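Nothing in this text is a laboratory measurement; each read-out follows from the coordinates by a stated rule. Computed from a prediction, not measured in an experiment: that's the story for all the values here. Virtual Cβ from ideal backbone geometry, glycine too; neighbours counted across all protein chains shown.
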């Protein structure tokens with residue numbers, strides 16, 4: 001009886017994410033795994049897949065350019081998060097200059113920044129209802145099958161972006177590379193939790209936003 005009550009309380013706390021101040025702090029650690037406990041799923045189109053990215057740790061508020069930097073490194077165009085942040089401002093980056101821009105980065109600005117490097121990435125939005133989550137997950141899995149990681153906005157840490165680099169339909173989870181946790185930065189997040197936390201409202205966008213990436217054509 002006691003065990004059942006504890007399980008019920010855990011389910012309630014998860015359901016209340018975003019409704020009470022303490023809940024996001026609990027959900028922030030969801031799915032974190034150690035490298036020695038992670039086995040990539042098989043490459044089976046439509047069932048499972050994984051893209052091996054080199055993890056980078058972000059600086060304050062630089063989750064978007066750091067996530068993009070990991071992907072650009074994978075695509076053969078190493079570009080630092082600070083340089084990407086400068087490009088989103090349409091500025092020339094000089095590593096010798098003091099860097100002070102630790103403001104948040106909007107997806108539109110990132111698209112413009114990587115465009116200056118010759119990459120044609122695109123933003124896609126989905127409704128915040130279950131249908132939007134289902135459609136978005138389907139598109140993400142197709143992108144992974146093509147070898148292209150995806151960035152998504154979430155409500156972790158109240159507002160946070162990370163990279164989706166894999167999925168496993170049998171286990172019903174996405175494989176995430178998160179710049180805000182130590183290397184290897186892997187999270188295994190269930191489809192159910194993704195539906196709860198995939199949310200762009202904290203940055204003024206009343207939908208679920210994603211950036212679909214691709215290498216230079």
Would you mind pulling out the separation of the Cα centroids of segment 133-204 and segment 44-102, in Å? 17 Å
Using Cα springs under 10 Å in a Gaussian network model of the chain, which residue among 36, 83, 172 shows the largest mean-square fluctuation? 36
Hey, what angle do you get for helix 130-145 against the long axis of the chain, alpha-carbon based, 0 to 90 degrees rounded to 10? 50 degrees
Over all pairs of distinct alpha carbons, what does the Kirkwood formula give as the hydrodynamic radius of the chain, in Å? 17.8 Å
Using alpha-carbon coordinates, inclination of helix 63-74 to the longest axis of the chain, degrees: 70 degrees
Assertion target for 64, 150, 92, 30, ordered by fewest C-beta neighbours within 10 angstrom first, is 92, 30, 150, 64
Using alpha carbons only, how many degrees (0 to 90, rounded to 10) separate the axis of helix 2-15 from the longest principal axis of the chain? 30 degrees
